[in-house]
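See structure below.
The values are calculated or read from the model by the stated rules, or taken from the named source; none is laboratory data. Not measured: the values here are computed from a predicted model. When we count neighbours, we look across all protein chains shown, and the Cβ atoms used for this are built from the backbone with ideal geometry, even at glycine.
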Amino acid sequence: MRAAERGGRVCLVSRTPLSQSASFWAQGGLASALEPDDSPASHAADTIAAGRGLCRTSAVRALAEEAPGAVRDLLARGVVFDLDHEGRLALGLEGGHASRRIVHSGGSQTGHELTSKLAAMVAAEPRIEVRERTSATALWSDGERCHGVVSDNGPIAAAATVLATGGAAALWSRSTNPRGAIGAGPVLAAAAGADLADLEFCQFHPTAIALPGSPFDGALITEAIRGEGAKLLDAAGERFTDELAPRDAVTAAILDRMRTDDAAAVKLDLREIDPARFPNVFASLADAGLDPRSEPVPVAPASHYMMGGIAVDLDGRSSLPGLYAVGECSCTGLHGANRLASNSLSECFVFGERAAAAAVEEVAGGGSPPLPDWSFEPPTQETRDAVWRRAGPKRNPDDLAALVCNPYPLATAIARCALARRESRGGHLRTDCPAADPELDGVHLVVTPSGEVRREQWR
């Protein structure tokens, strides 16, 4: 929409209907400093603290300063957010935030409101051609420049190609994500000649339903519910951690308690939560055969969000001219080693607008190269199981070395990055290196298309 409003002619390719993207399921909201007693500086400080010494400060500053404008723009476009009894935005509190600054819709149905409203707006925009049920199979690249995309319905030439393909958390077999979140964008980008970065950092959400063998295993219970008072309990029914600490800290505390108790899960106590505040959470728990109003529910960490992805600047430009990336498939360095809750939707709008402004100014390269012979192949279930087993919440060098031989390119790249970062930081926990290494503060691991891993400092 932003590119079209700036005069660009846009072709939007989507494997599913637009309103059925992974963002449809987003239970969190948009983080934005909107209250008089809050500030972008405070939001930035919380983001940097959660990122464990790895955030790119320029990206954090852009997000914190521009997120309030993104929220106001969405309101002006007719997106409906929750209001308090005085008719003002009802701001939620989530882990790692010093203030109430999370804008939600329908309690925990923000993704539904955003994607459905925006899909309708896109359908009405004459400058946008939408090709639903069309899959990208490769980028049209000669290794020096991206000239467009190759789809299962033929090639599409473009001066600028913007990947917004989502994350890779479903590459781990226990995940809160839909099965399609397999990191297709980074795989396409690397095959075309672009750098990737920070792939060792996957955020494991602390509170996913733990019902092994059930289709509900791994279903997300939103962080916002802990912001309203839900408590984490151990096998003895005792509270054991600060539920509003950043996610990496809560996940680590749960893993430690599970090991101490020799248990496959801990319990989340929702008995004091009003079901009307989070109707879809209580409905999904009921569908799973759980009654959170009468007893705590079993939860355990599951893969949730990739901090790493296609290495880009603050305007979404990758290392391959003509190729841009936005959202979870990208890596600006914003999230560092651990994403602050609800920064991801804000990131999509802030950096999506920046990428649109840059992309419409892109000039097409001279002549189109031959179409590539390579075509994307999704990972097997064996790969998903191997990634969970060998690069899960706790990692060791032997398992990571074995994963390097995996046939799925992104699994191999994740293992190489995780081996190269000999420390524990944020979402990356090494059993053989349990502490953070100060010499790796601010150091990002970049993977070249050839598979080489190098260190970079980003400002």
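Which one of the conditions (1) among the aliphatic types (A, V, I, L, M); (2) crowded, with 18+ Cβ neighbours inside 10 Å; (3) without any contact (Cβ under 8 Å) to a residue 40 or more places away in the chain does residue 435 fail to meet, given that it meets all the rest?
With respect to (1) among the aliphatic types (A, V, I, L, M); (2) crowded, with 18+ Cβ neighbours inside 10 Å; (3) without any contact (Cβ under 8 Å) to a residue 40 or more places away in the chain, residue 435 is out only on (2).
Give me the residue from segment 102-129 that is in a helix (DSSP H, G or I) and of a type in the set (Val, Ile, Thr) and, out of that set, farthest from residue 83 (Cα to Cα).
At the first step, the residues of segment 102-129 found to be in a helix (DSSP H, G or I) are 110-123.
Subsequent filtering for residues that are of a type in the set (Val, Ile, Thr) retains 110, 115, 122.
Working: 110: 13, 115: 20, 122: 26 Å.
Among residues in segment 102-129 that are in a helix (DSSP H, G or I) and of a type in the set (Val, Ile, Thr), the one farthest from residue 83 (Cα to Cα) is 122.
What pairs come out if I take residues in segment 259-271 that are closer than 19 Å to residue 292 by Cα and pair them with residues that are among the basic types (Lys, Arg) and outside any strand (DSSP E or B) whose C-beta lies under 7 Å away, six or more apart or interchain?
Every condition considered, the pairs that remain are 266/257; 271/293.
Every residue, every condition in (1) in the same structural domain as residue 344 (by TED's automatic domain parsing); (2) in contact with a strand residue (DSSP E or B) (Cβ under 8 Å, 6 or more places away or on another chain); (3) under 24 Å from residue 243 (Cβ atoms); (4) outside any loop (DSSP other than H, G, I, E, B), yes or no:
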residue	(1), (2), (3), (4)
53	yes, yes, yes, no
68	yes, no, no, yes
72	yes, no, no, yes
78	yes, no, no, no
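With respect to residue 82, is the statement that it is closer than 18 Å to residue 32 by Cβ and not polar (S, T, N, Q) true? Show your work before the answer.
Numbers: closer than 18 Å to residue 32 by Cβ: yes; not polar (S, T, N, Q): yes.
Judged against the criteria, residue 82 is a match.
Of the residues 105, 99, only one is at pLDDT below 95 and out of contact with any Pro (no Cβ under 6 Å at 6 or more places or on another chain); which? Don't jump to the end; show me each part of the working.
On the way: 99 fails: at pLDDT below 95.
Testing whether each residue is at pLDDT below 95 and out of contact with any Pro (no Cβ under 6 Å at 6 or more places or on another chain) leaves just 105.
Quick one: would you say residue 83 is more than 28 Å from residue 442 (Cβ to Cβ), touching a residue at least 40 places away in the same chain (Cβ under 8 Å) and either of a type in the set (Asp, Glu) or assigned by TED's automatic domain parsing to the domain that holds residue 38 (or both)? Reasoning before the result, please.
Working: more than 28 Å from residue 442 (Cβ to Cβ): yes; touching a residue at least 40 places away in the same chain (Cβ under 8 Å): no; either of a type in the set (Asp, Glu) or assigned by TED's automatic domain parsing to the domain that holds residue 38 (or both): yes.
Against the criterion (more than 28 Å from residue 442 (Cβ to Cβ), touching a residue at least 40 places away in the same chain (Cβ under 8 Å) and either of a type in the set (Asp, Glu) or assigned by TED's automatic domain parsing to the domain that holds residue 38 (or both)), residue 83 does not qualify.
Quick check on this structure: which one of 165, 251 is outside the structural domain of residue 449 (by TED's automatic domain parsing), assigned to a loop (DSSP other than H, G, I, E, B) and buried (at least 18 other Cβ atoms within 10 Å of the Cβ)?
Working: 251 fails: assigned to a loop (DSSP other than H, G, I, E, B).
165 is the lone residue from the list that is outside the structural domain of residue 449 (by TED's automatic domain parsing), assigned to a loop (DSSP other than H, G, I, E, B) and buried (at least 18 other Cβ atoms within 10 Å of the Cβ).
Just one of the numbered conditions (1) surrounded by fewer than 19 Cβ atoms within 10 Å (Cβ to Cβ); (2) in a helix (DSSP H, G or I) is not true of residue 272; which one?
That leaves (2) as the condition not met.
Residue 34 versus (1) under 17 Å from the mean Cα position of the chain (by Cα); (2) surrounded by fewer than 23 Cβ atoms within 10 Å (Cβ to Cβ): which is the lone unmet condition?
Among (1) under 17 Å from the mean Cα position of the chain (by Cα); (2) surrounded by fewer than 23 Cβ atoms within 10 Å (Cβ to Cβ), the lone unmet condition for residue 34 is (1).
In contact with a helix residue (DSSP H, G or I) (Cβ under 8 Å, 6 or more places away or on another chain) and polar (S, T, N, Q): which single residue out of 105, 58 fits that description?
After applying the criteria, what remains is 105.
Taking residue 243 as meeting all but one of (1) farther than 20 Å from residue 383 by Cβ; (2) free of Cβ contacts under 8 Å to residues at least 24 places away in the same chain; (3) assigned to a loop (DSSP other than H, G, I, E, B), write down the number of the exception.
Evaluating residue 243 over (1) farther than 20 Å from residue 383 by Cβ; (2) free of Cβ contacts under 8 Å to residues at least 24 places away in the same chain; (3) assigned to a loop (DSSP other than H, G, I, E, B) leaves (2) as the failure.
Can you tell which of 235, 230, 190, 184 is closer than 30 Å to residue 456 by Cα, among the aliphatic types (A, V, I, L, M) and out of contact with any Ser or Thr (no Cβ under 6 Å at 6 or more places or on another chain)? Steps first, please.
Numbers: 235 fails: closer than 30 Å to residue 456 by Cα; 230 fails: closer than 30 Å to residue 456 by Cα; 184 fails: out of contact with any Ser or Thr (no Cβ under 6 Å at 6 or more places or on another chain).
Only one candidate passes the filter, namely 190.
Can you tell me how many residues within segment 1-20 are part of a helix (DSSP H, G or I) and under 21 Å from the mean Cα position of the chain (by Cα)? Even if it seems obvious, please write down each step before you answer.
At the first step, the residues of segment 1-20 found to be part of a helix (DSSP H, G or I) are 2-5, 18-20.
Then drop every residue that is not under 21 Å from the mean Cα position of the chain (by Cα), which leaves 18-20.
Of the residues in segment 1-20, 3 are part of a helix (DSSP H, G or I) and under 21 Å from the mean Cα position of the chain (by Cα).
If you check 224, 236, 263, 249, which single one turns out to be at pLDDT 90 or above, of a type in the set (Gly, Ala, Ser) and under 25 Å from the mean Cα position of the chain (by Cα)?
Working: 224 fails: at pLDDT 90 or above; 236 fails: under 25 Å from the mean Cα position of the chain (by Cα); 263 fails: under 25 Å from the mean Cα position of the chain (by Cα).
After applying the criteria, what remains is 249.
Do you know which residues across segment 383-407 are out of contact with any Phe, Trp or Tyr (no Cβ under 7 Å at 6 or more places or on another chain) and under 15 Å from residue 301 (Cβ atoms)? Spell out the reasoning first.
The first filter runs over segment 383-407 and keeps only residues out of contact with any Phe, Trp or Tyr (no Cβ under 7 Å at 6 or more places or on another chain), leaving 385-386, 389-391, 394-407.
Those that are out of contact with any Phe, Trp or Tyr (no Cβ under 7 Å at 6 or more places or on another chain) and under 15 Å from residue 301 (Cβ atoms): 389, 391, 394, 395.
Determine the pairs where a residue that is in contact (Cβ under 8 Å) with a residue 40 or more places away in the chain and among the hydroxyl-bearing types (Ser, Thr, Tyr), located within segment 124-137, has a partner that is assigned to a loop (DSSP other than H, G, I, E, B) and surrounded by 16 or more Cβ atoms within 10 Å (Cβ to Cβ) with Cβ atoms under 6 Å apart, the partner being 6 or more residues away or on another chain.
Hits for this filter: 135/15; 137/376.
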